[in-house]
Ligand SMILES: NC(=O)c1ccc[n+]([C@@H]2O[C@H](COP(=O)([O-])OP(=O)(O)OC[C@H]3O[C@@H](n4cnc5c(N)ncnc54)[C@H](O)[C@@H]3O)[C@@H](O)[C@H]2O)c1
């Protein structure tokens with residue numbers, strides 16, 4: 001697309017606000033409009049950015065100068081919001097997980113195809129530079145084939161301030177949809193994309209916060225590789241102990257601040273207020289170290305790779321090599337770059353079909369746990 005991409009954001013919570021700095025800093029984009037029902041958030045962002053402000057997506061889509069929409073609303077609204085944006089002829093970047101059911105994701109892809117617009121699903125943690133560089137090393141073939149991928153994360157996700165729908169699996173709540181989406185995206189990117197089957201156990205063991213709060217997922221790949229995604233969101237142990245004390249957003253956190261279980265003591269109104277307050281700064285624009293969505297460790301035939309605070313460690317017959325990576329461009333800046341490339345006509349990894357394939361693994365994990373069966377996958381695609 002020639003010229004600046006005029007983008008609108010719908011939903012100004014943690015995810016929506018996190019895109020304000022990368023949009024501001026990317027000359028290919030201009031923030032033209034925002035849509036958010038909560039007046040305080042809407043007015044604050046309108047004052048900060050000068051974007052035209054609307055209470056909802058249908059009214060924002062009538063804005064006369066809009067090329068693209070970033071959908072950062074709660075997951076259960078993604079199918080409806082993507083359909084509306086596509087029907088209005090806008091390119092769409094939507095948050096993860098793409099939807100709740102695979103059929104919804106397919107309808108979103110069909111809507112984009114019918115309208116002739118691009119659809120990108122911005123699972124931001126596979127844009128973390130250490131993960132991208134792992135993919136490049138794997139693709140170079142120097143370490144041989146990938147045989148095992150393990151990605152493990154231990155956080156207080158279940159005890160951060162939340163709305164009730166965030167705990168309802170039927171509305172895309174719980175850690176398998178919300179956090180497993182990142183883990184599966186990372187695993188599929190590193191494994192080449194073509195997962196074959198899933199066996200999983202999900203857990204709901206805290207009577208004070210009923211939801212899927214933990215999981216162990218085992219993914220088999222068509223080429224014989226195997227992967228595990230382990231997530232525990234109950235907030236006792238912090239995965240930062242496995243990642244040199246560096247957390248999700250690239251900061252070293254003191255031990256006392258890594259996990260908190262304080263939301264249990266709040267009333268629903270206090271919790272909603274705490275969530276809105278937290279959303280303002282939940283995701284920092286830049287960081288001194290690499291972001292760590294837990295520990296990711298890849299074993300290839302002739303070596304292993306894992307994240308380090310400032311990049312990667314590559315283990316081979318030559319010993320351990322430290323690979324330093326820059327921190328200037330945030331994962332969200334890289335999501336936007338890929339979105340611009342997609343709009344420009346390039347084939348990109350995080351397409352609607354890629355997002356559907358990630359969603360298929362997450363839903364299969366929940367189904368596998370429910371039925372105590374291994375689930376065969378049908379919608380997998382290779383890395384573009
Ligand atoms: N990629 C990431 O790292 C990342 C991080 C956080 C959240 N997410 C994803 O982003 C999505 C939103 O999560 P969040 O944590 O920002 O949630 P949030 O609850 O903090 O924000 C959602 C916002 O959408 C607004 N909203 C609700 N209904 C709306 C409607 N009909 N029209 C317009 N706005 C509406 C809410 O008022 C709220 O401000 C989820 O799908 C989540 O999985 C992704």
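General remarks:
- Over the chain: helical MRE at 222 nm, DSSP H runs n ≥ 4 each giving -39500 (n - 2.57), nearest 500: -9500 deg cm²/dmol
- Extension gain for residue 140-residue 320 works out to 63.0 nm (0.36 nm per residue, less the C-alpha to C-alpha distance).
- Kirkwood-based shape ratio for region 1-101, expressed as Rg/Rh from alpha carbons: 0.93
- Size-normalised alpha-carbon gyration radius of region 280-384, reference 2.2 N^0.38 Å: 1.38
- Two-site FRET efficiency, residue 341 against residue 194, from Cβ-Cβ distance with R₀ of 30 Å, rounded to 0.05: 0.85
- Extension gain for the segment residue 132 to residue 62, taken as residue separation times 0.36 nm less the Cα-Cα distance, is 21.5 nm to one decimal.
- Ranked by the mean number of other Cβ atoms within 10 Å of their residues, highest first, the peptides 266-278, 42-54, 125-137 come out as 125-137, 42-54, 266-278.
- A simple spin-label model places pseudo-atoms 7 Å from Cα toward Cβ; at residue 204 and residue 286 they are separated by 4.4 nm.
- Cα gyration tensor, the chain - rounded (a/c under 1.5), prolate or oblate: rounded
- Computed over the Cα atoms of region 93-168, pair by distinct pair, the Kirkwood hydrodynamic radius stands at 16.1 angstrom.
- Note on residue 267/residue 382: beta-carbon distance plugged into 1/(1 + (r/R0)^6) with R0 of 51 Å gives a FRET efficiency of 0.55.
- The C-alpha atoms of region 336-384 occupy a region whose extents along the principal axes are 44, 17, 10 Å, arranged from largest to smallest.
- Size check on region 105-223: the Cα extents along the three principal axes, sorted descending, read 49, 39, 27 Å.
Each reported figure results from applying straightforward, stated rules to the coordinates on display, with no laboratory input. It should be emphasised that the depicted structure is a prediction, and the values quoted were computed from it without experimental measurement. When we count neighbours, we look across all protein chains shown, and the Cβ atoms used for this are built from the backbone with ideal geometry, even at glycine.
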